[in-house]
Every structure is written in structure tokens, then in C-alpha cells.
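Below is one structure; the comments refer to it alone.
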Amino acid sequence: WAQKMGLEYSYVHITSAEKRFGSCNAKKGICFSLRLMAYPADVIDYVIIHELAHLKHMNHSSQFYSLIEQYMPDYKEKVKILQHKE
């Protein structure tokens, strides 16, 4: 996804985080929770796209969600799945 989106990250870590599915920091590092393995591949793709979008927009602005929507037009359905299973 990073290549498709034209974005570069510095590292990826897999964590045992229980409160969030992913995170991105100012050093362009991205973390994903092991909990994601319980979800369908398209939902995991959404979380990946979401965190990569933070490399360009370190917020949840309309531009941030527009970037996500470019690559996953039905992202809101994926959000519902993540919220429902928590």
C-alpha cells in the first residue's frame, strides 16, 4: 500500500496493543496490533491505509479521510467492522 500511495515509512512494528489497532509517529514509524489478525484481509488493509495516510496528514482532517477514500472508497464499512468487534 505504501508504494501504491507514494508514501514512505521508516519501520513497521507488530505490537500487543489492546487499545488501538495501529499507530503512526513523527519518525514515520508504524505499529500494528496483533489483534488485527482476527479480522478479514480487507479490514486489515483499511488499517494499513489509515496509518499510512498519517504519514501525509498527522491528524483526522477531511484531507486525511479523502486520501483514505481514494484507495478504499468503502472504508466506512471497515470502520464499522472494527468498532463492532471491539
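Overall, the accessible surface of the chain at a probe of 1.4 angstrom is composed of carbon and sulfur to the extent of 52 percent. With a point put 7 Å past each Cα toward its Cβ, work out how far HIS84 is from GLU8 in nm, to one decimal. Output for this residue pair reads 4.0 nm.
Under a 5 Å amide H cut-off, with hydrogens placed 1.01 Å from N, GLY22 pairs with SER33 among residues at least 5 apart or on other chains.
Here is the list for the chain: trypsin sites (Lys or Arg not before Pro) lying in DSSP coil, each with at most 15 other C-beta atoms within 10 angstrom of its C-beta, are LYS19, ARG20, LYS27, LYS28, LYS56. In the context of the full set of protein chains, residues of the chain present 65 Å² of accessible surface per residue (probe radius 1.4 Å, heavy atoms only).
Considering every alpha-carbon pair of the chain, the percent of pairs per 5 Å bin, from zero through the bin containing the longest distance, is 3, 15, 27, 28, 20, 8, 0. The string of couplings for region 21-29 from the Karplus curve (6.51, -1.76, 1.60, θ = phi - 60°) is 7, x, 7, 9, 10, 5, 7, 6, x Hz, one whole number per residue in order, with x for Gly and Pro.
The values are calculated or read from the model by the stated rules, or taken from the named source; none is laboratory data. Remember, predicted model here, so these are calculated numbers, not experimental data. For neighbour counting, all protein chains shown are included, and Cβ atoms are generated from backbone atoms with ideal geometry for every residue, glycine included. Surface accessibility is based on the protein's heavy atoms, side chains included, excluding ligands, DNA and RNA. Shrake-Rupley method; radii C 1.70, N 1.55, O 1.52, S 1.80 Å.
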